[in-house]
Every structure is written in structure tokens, then in C-alpha cells.
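The structure appears below as C-alpha cells.
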Amino acid sequence: MMKVEIKDNKIKAPLKGKDVWLVNKPEEKVRQEYIARLVNHYGFDLEQMAQELQVNNSQRGQGRASADIVIWKNKKDKAESNSPIIVVECKAEHITVREEDYFQGYNYASWAGADFFVTTNQKETIRTRI
């Protein structure tokens with residue numbers, strides 16, 4: 001059972017590295033809690049996921065688009081840089097997911113070639129097939 005680890009004002013980010021701790025901001029807490037949910041409730045493995053992955057070519061005017069959580073079918077697909085199956089966009093728990101947030105994440109999922117897009121703030125989770 002994976003547990004979210006918090007010490008002082010830091011939260012452990014296992015997808016960033018074995019001993020990587022980030023500032024415990026509200027959105028980061030939602031992200032790490034959702035990663036734990038993906039492992040504990042949906043059976044995904046940390047080795048088939050990535051955090052804050054760039055999903056576009058940073059074309060002029062787009063800036064650097066990075067998906068909060070990206071999930072591949074398996075570890076091999078991730079290693080071979082195949083298209084992921086799911087892209088997850090996280091928002092802080094106190095933030096209501098707005099239409100523009102949803103479309104931003106949907107675009108990230110489309111750019112990545114994912115089959116599904118999920119947006120969550122822990123209180124509300126929306127899943128969509130691309």
C-alpha cells in the first residue's frame with residue numbers, strides 16, 4: 001500500500017526520483033494523493049508513470065506544456081516513448097475545475113496521443129475518452 005509521505009513542508013514525489021521531496025503546495029498534495037490512488041486502487045505501477053512530463057514541442061506562443069501525471073500501458077511502452085494511455089491534470093483541492101482547465105488538460109492529452117484524459121481536484125474527478 002503506497003502512502004503519501006509529508007515531512008515539515010515537503011512531500012515525497014516518487015515519480016521524480018527515489019528520494020525527491022518537493023514543497024508541499026496544495027496542487028502537489030493533490031498530485032501525490034492521486035498517484036497513490038492510481039497505485040492502490042487502480043493497480044498501476046510507479047514504473048509506468050511520469051510526473052510533469054513535457055507534452056508539446058513548445059511551439060511559439062504555447063510555452064512549455066507539461067502534464068501533471070502521464071500513464072503508459074506498461075513500463076516497456078514508457079521506456080520506448082510510445083504514446084501514453086492516460087494524462088491526468090491536477091488542481092488544488094480548493095480550486096473548482098473550470099472549463100478552460102479542462103480544455104488545457106484535454107489538449108495535453110491530445111498532444112501526447114493519450115486515449116484518456118482525467119482532471120481532478122480530489123473532490124471532483126472527470127474522465128474523458130479522447
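The values are calculated or read from the model by the stated rules, or taken from the named source; none is laboratory data. Quick caveat: nothing in here was measured; it's all calculated off a predicted structure. FYI the Cβ positions are ideal-geometry reconstructions off the backbone, even for glycines, and counts take in every protein chain you see.
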- How many residues are over 16 Å from the mean Cα position of the chain (by Cα) and either of a type in the set (Val, Ile, Thr) or closer than 18 Å to residue 39 by Cβ (or both) if we restrict to the stretch 9-18? 1
- Residues located in the stretch 1-19, provided they are over 17 Å from residue 69 (Cα atoms) and crowded, with 16+ Cβ neighbours inside 10 Å: none
- Item | Members of the stretch 20-54 that are part of a helix (DSSP H, G or I), touching a Lys or Arg at 6+ places or on another chain (Cβ under 6 Å) and either surrounded by 15 or more Cβ atoms within 10 Å (Cβ to Cβ) or in contact (Cβ under 8 Å) with a residue 60 or more places away in the chain (or both) | 48
- Those residues of the stretch 71-106 which are in a helix (DSSP H, G or I), at pLDDT below 95, of a type outside the set (Phe, Trp, Tyr) and surrounded by fewer than 18 Cβ atoms within 10 Å (Cβ to Cβ) amount to 99, 100, 101, 104
- Task: Tell me, yes or no, whether the stretch 115-129 has at least one residue that is surrounded by 14 or more Cβ atoms within 10 Å (Cβ to Cβ), touching a strand residue (DSSP E or B) at 6+ places or on another chain (Cβ under 6 Å) and assigned to a loop (DSSP other than H, G, I, E, B).
- Result: no
